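Q: Shown below is the structure under consideration.
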């Protein structure tokens, strides 16, 4: 390797293009699995506690694989379906499928592989999980089209995300659980609520190109107010889940931290200042998922969950 330094303004070596796998992972933003995955774990661990007070690591591993695969499929499908809309929005015009950094063929192949992995993982968990798997996949695809026929695509996203904790509970116990449904609704309203905030930054563009959303139809202020109401409902559902599952002090401490995070998230965004939307979307919400999962684990362990 040459020891010659490149002077300012002097052309350096050409960047090495990413391989197809790495490029595809950028398309699906794999790191955003941090949002829903912790709550699938909360459901799986609470179900394990109820069933045997023991964590079954194979099942937890399969739940993890199924969750990540389903989310990867959903994100790839969304990027494929929305690529023409993304090209008309300055904020999203740099996405890989728009610029050609990743081909549609590569994205379709990645989505197909992810869907196959999801189905295999569901089958490995139980026949019931496999039979119910279309109920998880269909809302994920419908969400990508929802903005074309409704001003409330956030509600479709909420429904799609609510499936994860319910599915994780069924994966562990093989049975329906109303506690799992309550946790699923909490996760759905949580994600739907911050999607309302996130959509505010595209309100003007969405109106111009005919994309449906609450901010585009009713205004940014109405969307932010709706997000606050939705997150109040989220908090009530988290409280209800804790009561149904007899959680103790650790869970309630986690909810106090969650309440503070919600307040912070809504305090830093206003109709006149959307500059910190990404901080609210990524930092605050990523923190909520990880923190509440950690407090839930401490609570379950303190009550006798064994590893």
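Every read-out reported here was derived from the displayed coordinates using simple, explicitly stated rules and does not represent laboratory data. Keep in mind the model is a prediction, meaning the values are calculated, not measured. In this analysis, Cβ positions are derived from the backbone assuming ideal geometry, glycine residues included, and neighbour counts consider all displayed protein chains.
Q: What is the ratio of the Cα radius of gyration of region 230-303 to 2.2 N^0.38 Å, where N is its residue count, to two decimals?
A: Expressed relative to 2.2 N^0.38 Å, the Cα Rg reads 1.21.
Q: Let me ask something else. Pick out which of 215, 134, 38 has the largest mean-square fluctuation in a Gaussian network model of the chain, springs linking Cα atoms closer than 10 Å.
A: Sorting by GNM fluctuation, first place goes to 134.
Q: Simple spin-label model, 7 Å along Cα-to-Cβ: residue 207 to residue 145 in nm?
A: Between residue 207 and residue 145, the label points sit 2.9 nm apart.
Q: May I ask for the Rg/Rh ratio of region 125-198, computed from Cα atoms with Rh as the Kirkwood radius, given to two decimals?
A: 1.02
Q: A further question on this structure: Beyond 27 Å, what share of the Cα-Cα pairs of the chain is found? Please give it as a whole percent.
A: Here the long-distance tail beyond 27 Å is 46 percent of all Cα pairs in the chain.
Q: Sticking with this one: Rounded to the nearest 0.05, what FRET efficiency is calculated for residue 93 and residue 229 with R0 set to 35 Å and r the Cβ-Cβ distance?
A: 0.60
Q: Something else about it: Calculate for the chain the 222 nm mean residue ellipticity that helices alone would give, adding -39,500 (n - 2.57) per DSSP H run of length 4 or more and normalising by residue count, nearest 500 deg cm²/dmol.
A: -23000 deg cm²/dmol
Q: Right, something else. Determine the relative contact order of region 23-299: mean sequence separation of Cα pairs under 8 Å and six or more apart, normalised by residue count, in whole percent.
A: Normalised by residue count, the contact order of region 23-299 is 20 percent.
Q: Once R0 is set to 25 Å, what does the formula 1/(1 + (r/R0)^6) return for the Cβ-Cβ distance between residue 135 and residue 175, expressed as a FRET efficiency to the nearest 0.05?
A: In this case the efficiency is close to 0.95.
Q: Classify region 154-273 as rounded, prolate or oblate from the Cα gyration tensor: take a ≥ b ≥ c as the square roots of its eigenvalues, call it rounded if a/c is under 1.5, otherwise prolate when a/b beats b/c and oblate if not.
A: oblate
Q: Note down the nm distance, to one decimal, between modelled labels 7 Å out along Cα→Cβ at residue 249 and at residue 127.
A: In this crude spin-label approximation the distance works out to 4.7 nm.
Q: How many nm is it between the label spots at residue 294 and residue 239, if each spot is 7 Å from the Cα in line with the beta carbon?
A: Result: 2.5 nm between the two label points.
Q: With springs only between Cα atoms under 10 Å apart, run a GNM on the chain and tell me which of 144, 103, 213 wobbles the most.
A: 103
Q: Also, I was wondering about something else. Using the Cα gyration tensor of region 55-191, with a ≥ b ≥ c the square roots of its eigenvalues, what is the shape: rounded (a/c below 1.5), prolate (a/b larger than b/c) or oblate (neither)?
A: In terms of gyration-tensor shape, oblate.
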